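Here is the structure we will look at.
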Amino acid sequence: MYRIFTSAAIALALLHTATASAVEDEAAIIVTGTRFSGSLARAIGATVITAEDIARSTATTLGEALDRLGGVTVRRSLAGTEDPNLDLRGFGVTGNQNTLVLVDGQRLSENELASARISTIPLTAVERIEILRGAGAVLYGPGASGGVINIVTRPATTEGPRGYVSALAGSLRTGELRGGFNLAHGNVGLSLHASQRDSDNWRKNNATHTTAASGEARIGLESGFVALRFGADRQTARLPGARTEAQLGSDPQGTATPKDFANSDGSRIALAFEKKLGEWRLAADLTTRSKDAKFDFNDVAGAGTYMRNTTRGEEDAFSPRLLWQRKFGTLSNSLTLGADWRDYHYSNDGATEFCLPFGFSCAATSRIRSNQTNEALYLQDQMTFASGTSLSLGGRRERISQNWEETVAPLPRRSIDRTLSAWELAVRQNVGSGFTLHARSGTSFRVANVDENACFGAPCTPLLEPQTARESGIGAEWGDGKNRLRAEWFDMRVADELYYNNLTFTNMNMPPLTRRGLQLDAEWRPTAAVDVLAHYTGTQARFATGTFGGVDVTDKVVPVVPRHRLSLSLGWQFLPATRMTLAHSYVGEQRYDNDPANRFRAMSPYGITDLKLSHRWRDLTVNAGINNLADKAYYGYALVNSSAVPTTFNAYPDARRTAYLSAEIKF
């Protein structure tokens, strides 16, 4: 808390002393491909989801918006919260660790085996979502092998008081309240957003509660701004556990863990500064965030005991950068130079804490402490020629220091320093008549997080080697201002991929893997009243060579990576103020988790259809929706009982048909 209050005090002091001037108009900004809000450079190969796109869709959460509008492979959280596993390039169960999630350019992804907490960002606070597939390592560093998802919140720049209140009620005792306002006058602005969501969910012992608030205080400078961004959240979730193959038929909604639960609290504060000085633009972000989590697993193995796990993660970061924009005749050039510093502290007390019934006589048997420091320099240059050619190239050099120790057993302290590099090269050519072609290639890296480096018994192996990847892609795009079609073929080669090997029960660096596939995105508006959106991804993820626990996995399919994935949305404005939206998501065949040798059958494909009706009357909008319209029984994640000799599986079934009614009023 001291760090948070200190950062807030510094930020408020700077806000108080800032030179007043007009707030810069940023309405034309599309994609911040240079980490500057005022840059007009569009990142090559980017996808953008606007607030209007979200409002017109069937999505009621950020995860649903990424699934239905962004073509992101989304797998529901095993805890039942709205923090799904996100996967951009077929990484399967490690999708979260290879898809970097940002909020206003700052990391939201965890340094643990946990999903980014996107449920803590009120959906109505989102201005747009930027998706960069297979890119972003140069600008943002490790964890971006699959790509980057940047959630951009609404800035406090709208003149006059604006506000909104919305409410949702639905099946399974689901309820949500949202509210917010924006006050701005001249060069001073303040915005606040808050939300609370509760649901019993479809499973027993799966009730969730999420409360979140975020906002921004901003003062405009001449050609720049100073802003204090902040957020806090609280989340509780009951943990239902998996269902066996037999239980899926007899009692799919049941639970074998009726007392298990998880609670967490998080906070983040960021001080952002940006100022234009002639041809130069200077920016910097100073951020701090923390998360406290507690997991209770009761009546373990029916022995009347329980395990408790309490963790805390804290991260401080500082990111100064400089942008130089200049024209050389017909050539427009944008050069970005930047540095990143991050310091992450992690503690885990009572990771395997065994207690007598009712919690008496608890004795911790594990106490873990870990630290990671990242120091990086990067540059990126973007050139646009009169011929319609855009060229982007960049490089990053990063030093990462890690240490890990367990003080109860005790286990020896392990530490290592590494220096890693990444580079990217991309070119886009405008060929006329709305057509553009692009090609790109680049490298990325990821280091093991605190969970992957964990050791609970001597002798401990050295800290895992970093994962490296190289991806190339070629694509084409066409648009006429109303319709759009985009296609890209990608090929990725990954070395030393970080993975949990169920054949040896250890985290490890895997043998080489290949991922290649086709990404298609289309937007078609045949009439003013009808719009069609489609996203298709065909992915082939395979082990190139190698053995797991003596089992040859050469050319085997990587588990939990759908071979085909399609999302399709049809919108019809059949009355001036009334709209119907029909959305369908199809997930093709995929291998069960725990089955890298492909010895068990594949998971069944499934398709889910959602429907929403929306009516607007003045400043009031009313929505009525049905999810899983056909009441489909399905599961998006399951694992076999044995990697060596699989005979059955355990699954986490998804919800059947549900309905909701919502209303929002703006003032």
Problem set entry | Residue within the range 360-368 that is modelled with pLDDT under 85, surrounded by 18 or more Cβ atoms within 10 Å (Cβ to Cβ) and either within 21 Å of ASN111 (Cα to Cα) or under 29 Å from the mean Cα position of the chain (by Cα) (or both) present | yes
For this session: Just name the residue that is farthest from ILE49 (Cα to Cα) out of those in the range 80-129 that are touching a helix residue (DSSP H, G or I) at 6+ places or on another chain (Cβ under 9 Å), part of a loop (DSSP other than H, G, I, E, B) and small (Gly, Ala, Ser).
Result: ALA114
Problem set entry | Test: THR174 is in contact with a strand residue (DSSP E or B) (Cβ under 6 Å, 6 or more places away or on another chain), modelled with pLDDT under 90, over 24 Å from MET492 (Cβ atoms) and of a type in the set (Ser, Thr, Tyr) | no
Exercise. Do you know which residues across the range 241-270 are among the acidic types (Asp, Glu) and either modelled with pLDDT of 95 or more or in a helix (DSSP H, G or I) (or both)?
Worked result: GLU245, ASP251, ASP265
For this session: Could you please let me know if SER214 is of a type in the set (S, T, N, Q), within 20 Å of GLU110 (Cα to Cα) and at pLDDT below 95?
Result: yes
For this session: Restrict the check to the range 443-452 and report whether at least one residue is within 18 Å of TYR500 (Cα to Cα), surrounded by fewer than 16 Cβ atoms within 10 Å (Cβ to Cβ) and β-branched (Val, Ile, Thr).
Result: no
For this session: Sort through GLU64, GLU130 and tell me the only one that's touching a residue at least 40 places away in the same chain (Cβ under 8 Å) and surrounded by fewer than 24 Cβ atoms within 10 Å (Cβ to Cβ).
Result: GLU130
Exercise. Looking at the range 461-478, which of the residues that are surrounded by fewer than 18 Cβ atoms within 10 Å (Cβ to Cβ) and farther than 30 Å from ILE44 by Cβ is modelled with the lowest pLDDT?
Worked result: THR461
Exercise. Among the residues of the range 134-178, which ones are within 12 Å of the chain's Cα centre (by Cα) and either surrounded by fewer than 21 Cβ atoms within 10 Å (Cβ to Cβ) or at negative phi (or both)?
Worked result: ALA144, GLY146, VAL148, ILE149, ASN150, ILE151
Problem set entry | Residue satisfying all of: in the range 387-421; touching a residue at least 40 places away in the same chain (Cβ under 8 Å) and of a type in the set (Val, Ile, Thr); surrounded by the most Cβ atoms within 10 Å (Cβ to Cβ) among these | ILE400
For this session: Report the residue count in the range 591-631 for those that are farther than 20 Å from TRP572 by Cβ, among the charged types (D, E, K, R) and surrounded by 14 or more Cβ atoms within 10 Å (Cβ to Cβ).
Result: 4
Exercise. Among the residues of the range 479-506, which ones are touching a Phe, Trp or Tyr at 6+ places or on another chain (Cβ under 6 Å) and surrounded by 16 or more Cβ atoms within 10 Å (Cβ to Cβ)?
Worked result: LEU485, ASN501, LEU503
Exercise. So is GLN540 under 21 Å from ALA476 (Cβ atoms) and buried (at least 23 other Cβ atoms within 10 Å of the Cβ) or not?
Worked result: no
Exercise. In the set ILE49, ILE10, ILE54, which member is more than 24 Å from ALA651 (Cα to Cα), at pLDDT 80 or above, in a helix (DSSP H, G or I) and over 12 Å from the mean Cα position of the chain (by Cα)?
Worked result: ILE54
For this session: Can you tell me which residue among ALA376, ALA351 is surrounded by 20 or more Cβ atoms within 10 Å (Cβ to Cβ), at pLDDT below 95, under 26 Å from GLU110 (Cβ atoms) and within 31 Å of the chain's Cα centre (by Cα)?
Result: ALA351
Problem set entry | Flag if THR210 is of a type in the set (S, T, N, Q) and either in contact (Cβ under 8 Å) with a residue 40 or more places away in the chain or not in a strand (DSSP E or B) (or both) | yes
Exercise. If you check THR461 against the conditions, is it part of a loop (DSSP other than H, G, I, E, B), β-branched (Val, Ile, Thr) and out of contact with any Cys (no Cβ under 6 Å at 6 or more places or on another chain)?
Worked result: yes
Problem set entry | strands (runs of 3 or more DSSP E) wholly inside the range 487-585 containing at least 1 residues that are at pLDDT below 95 and in contact with a Lys or Arg (Cβ under 8 Å, 6 or more places away or on another chain) | 498-501, 513-527, 530-543
For this session: Please state which of the following conditions LYS204 fails to meet, knowing it meets all the rest: (1) farther than 30 Å from ASP496 by Cα; (2) under 26 Å from the mean Cα position of the chain (by Cα); (3) part of a loop (DSSP other than H, G, I, E, B).
Result: (2)
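Okay, residues lined up against (1) of a type outside the set (A, V, I, L, M, F, W, C); (2) out of contact with any Leu (no Cβ under 7 Å at 6 or more places or on another chain); (3) outside any strand (DSSP E or B); (4) closer than 24 Å to VAL74 by Cα:
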| residue | (1), (2), (3), (4) |
| --- | --- |
| ASP610 | yes, no, no, yes |
| VAL622 | no, yes, no, no |
| ILE626 | no, no, no, yes |
| ASP631 | yes, yes, yes, yes |
| THR647 | yes, yes, yes, no |
| ARG656 | yes, yes, yes, yes |
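The values are calculated or read from the model by the stated rules, or taken from the named source; none is laboratory data. As the structure is a computational prediction, the values presented were derived from the model and not from experiment. Because the Cβ atoms are built from the backbone with ideal geometry, glycine has one as well, and the counts that use them run over all protein chains shown.
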